[in-house]
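Data block below; observations after.
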């Protein structure tokens, strides 16, 4: 009796797994040809612990299917946090120009000199 129950359970598991795998492979084969790109979507990759940005929902489903991942959707603002971006998204990020640090230093000096002048007036 136990063997029959275990056998039925195993058969049911493999049938469900095979159907899911077929849907995934069919999805990969079709791709995202007819999808209209509205705006980027942001997902959290729980295995890598980072946020990944996709052009649309279809691309996310293909990525999840291909790599066997479960992704949770988040607001797009999370995908702009540099410290939590997945590595490949950092390559697409629009980095500031090379002289960015010099600009920040100049702004900081201006703020510091203004505060010094304000203290002198008091």
| query | Quick one: which of 66-76, 45-55 comes out on top by average Cβ neighbours within 10 Å, and what's the full order, highest first? | reply | 45-55, 66-76
| query | How long is the gain from residue 84 to residue 55 if the chain were fully straight, where each residue apart is worth 0.36 nm and the alpha carbon distance is subtracted? | reply | 8.6 nm
| field | Inter-probe distance in nm under a simple model that places probes 7 Å from Cα toward Cβ, at residue 103 and residue 67 | value | 3.1 nm
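Only the coordinates and a few stated rules stand behind these numbers; no lab work does. All values derive from a computational prediction rather than experimental measurement. As a convention, Cβ positions derive from the backbone with ideal geometry for all residues, glycine included, and neighbour counts pool all protein chains shown.
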